[in-house]
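Below is one structure, written out as structure tokens; comments come after it.
The values are calculated or read from the model by the stated rules, or taken from the named source; none is laboratory data. Predicted, not measured: the structure shown is a model, and the values here were computed from it. As a convention, Cβ positions derive from the backbone with ideal geometry for all residues, glycine included, and neighbour counts pool all protein chains shown.
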Amino acid sequence: MLEQETNPTISKSTGLPRKRFYRARAHSNPLNIGCGFGGLLISLSTLFPEVLMIGMELRDKVTEYVKERILALRVSNPGQYQNISVVRTNSMKYIPNYFEKGQLTKMFFLFPDPHFKEKNHRRRVISPHLLDEYAYVLGVGGIIYTITDVEELGDWMRSCLENHPMFEALTKEELEADPVVKLLSSATEEGQKVARNGGQTFQAVFRRIVPTS
Ligand code: SAM
């Protein structure tokens with residue numbers, strides 16, 4: 001099952017994974033971009049056992065580690081952790097090759113690389129251009145969760161989301177009612193490191209909406 005999800009067949013013409021390989025079993029799909037060592041996926045797996053979730057990770061060895069981690073959890077917890085998987089890919093290039101319009105319910109961007117220099121801002125995983133793509137693959141009502149310990153990046157992500165016509169911020173009450181929000185700062189390895197060092201975090205959580213005009 002993991003193989004089927006992580007190794008989509010490759011198109012001979014484009015050299016890219018064929019579209020919709022992940023759709024076959026999918027009803028409701030959260031996606032974790034830059035999932036790192038997989039902490040969030042693993043926490044979400046038992047919180048939402050009926051929901052299929054996938055992580056995208058650029059680094060080969062880290063992806064292999066997450067695969068092995070999931071397989072080991074499946075062995076030691078029979079029947080569990082069948083709903084999560086990971087794929088090694090560059091999410092900034094290939095998201096449209098994996099998902100179709102409105103397929104995703106949640107997208108997570110937890111402690112993404114900050115790319116401090118202005119000339120490198122185009123490498124940030126949240127940008128006005130990429131938000132157009134995320135708005136396409138997220139269903140209406142779907143949610144983007146972001147968190148960082150870099151204030152400037154937090155301001156950047158919030159401002160990109162605020163200025164995009166297809167996203168609106170969740171209210172304080174909605175944030176408090178969402179069990180996933182509590183995991184943002186605690187479930188990932190990077191979040192745990194920040195917490196150990198007593199670092200501040202900056203989160204922005206926005207919903208995909210239909211623009212009014
Ligand atoms: N989200 C994890 C956490 O909170 O522990 C990892 C955070 S780490 C600072 C950022 C991760 O994003 C790295 O593992 C990096 O390899 C991955 N990454 C960076 N650019 C990416 C891209 N374009 N596509 C997929 N993963 C990417």
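Looking at region 82-127 only, could you name the residues that are out of contact with any strand residue (DSSP E or B) (no Cβ under 9 Å at 6 or more places or on another chain) and more than 25 Å from Val181 (Cα to Cα)?
Passing the criteria: Lys93, Pro96, Glu100, Phe116, Lys117, Glu118, Lys119, Asn120, His121, Arg122, Arg123.
Determine if region 106-118 includes at least one residue that is acidic (Asp, Glu), at pLDDT below 95 and more than 17 Å from Cys35 (Cβ to Cβ).
Among the residues of region 106-118, at least one is acidic (Asp, Glu), at pLDDT below 95 and more than 17 Å from Cys35 (Cβ to Cβ), which makes the answer yes.
Just checking, which of Leu47, Leu52, Leu40 is under 18 Å from Tyr145 (Cβ atoms), within 14 Å of the ligand (Cβ to nearest atom) and among the hydrophobic types (A, V, I, L, M, F, W, C)?
When all the criteria are applied, what remains is Leu40.
Restricting the first residue to region 188-200 and requiring it to be more than 15 Å from Phe109 (Cα to Cα) and within 11 Å of the ligand (Cβ to nearest atom), which pairs with a second residue that is part of a loop (DSSP other than H, G, I, E, B) and modelled with pLDDT of 95 or more meet a Cβ separation below 8 Å and a spacing of at least six or different chains?
Val194/Phe111; Val194/Asp149; Val194/Thr201
Is there any pair with a first residue in region 54-72 that is over 24 Å from Leu104 (Cα atoms) and a second that is of a type in the set (Phe, Trp, Tyr) whose Cβ atoms are under 7 Å apart and which are 6 or more apart or on different chains, and what are they?
Within 7 Å, the pairs are Tyr65/Phe37.
Just the residues that are assigned to a loop (DSSP other than H, G, I, E, B) and without any contact (Cβ under 8 Å) to a residue 24 or more places away in the chain, please, taken from region 116-132.
Lys117
Would you confirm whether any residue within region 168-189 is more than 18 Å from Met92 (Cα to Cα) and part of a strand (DSSP E or B)?
Yes; the residues of region 168-189 include at least one that is more than 18 Å from Met92 (Cα to Cα) and part of a strand (DSSP E or B).
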